[in-house]
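Read through the structure below, which is laid out as structure tokens, and then see the notes.
Read the figures in this text as sums done on the coordinates, not as results from a lab. Bear in mind that the values here come from a model prediction, so they are computed numbers and not experimental data. Counting neighbours? That spans all protein chains shown, and the Cβs are built from the backbone with ideal geometry, glycine included.
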């Protein structure tokens, strides 16, 4: 029987767009580009989102390769998404606020055929929790802290 785990991240934003968090001793900063009113001290939330997805796919790729005893010499994962910024700016739009499409592309350097690489990537994406959260509906609950 599997055990459900909870991952928690705390962030703080004061008088600018700069958001800071310390996660397991690692300081992480989110900011907006200077052109967007920020001080460009870190990636935007959307960039971190795509980085998290690509990083998760790459990490699960390493786990799967070790499990299958595949020598994975290089695994480059590219993630990109298209969105309409009108929603986040509070402007009318027929589109949702989030990404309308997210594309994940991988370059795999391993002793496998193109067909085997595609099957490997398919398996890895099916196992990746972030890929799962984007692909399938996930309940999101938001509340005020007491």
For 60-68, 3-11, 82-90, 48-56, ranked highest to lowest by mean beta-carbon neighbours within 10 Å, the order is 48-56, 60-68, 82-90, 3-11
With springs only between Cα atoms under 10 Å, which of 14, 71, 107 fluctuates most in a Gaussian network model of the chain?
-> 14
Region 84-115 versus region 26-48: alpha-carbon centroid distance in Å = 19
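Under the definition of Cα pairs under 8 Å and six or more residues apart, what whole-number percent is the relative contact order of the chain?
Details: 169 pairs, mean separation 22.7, N = 146.
16 percent.
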Only one of the values [x] 1.24; [y] 1.09; [z] 0.95 was calculated from this structure for Cα Rg over 2.2 N^0.38 Å; name its label.
-> [x]
Relative to the longest principal Cα axis of the chain, at what angle does helix 45-68 sit, 0 to 90 degrees, rounded to 10?
-> 20
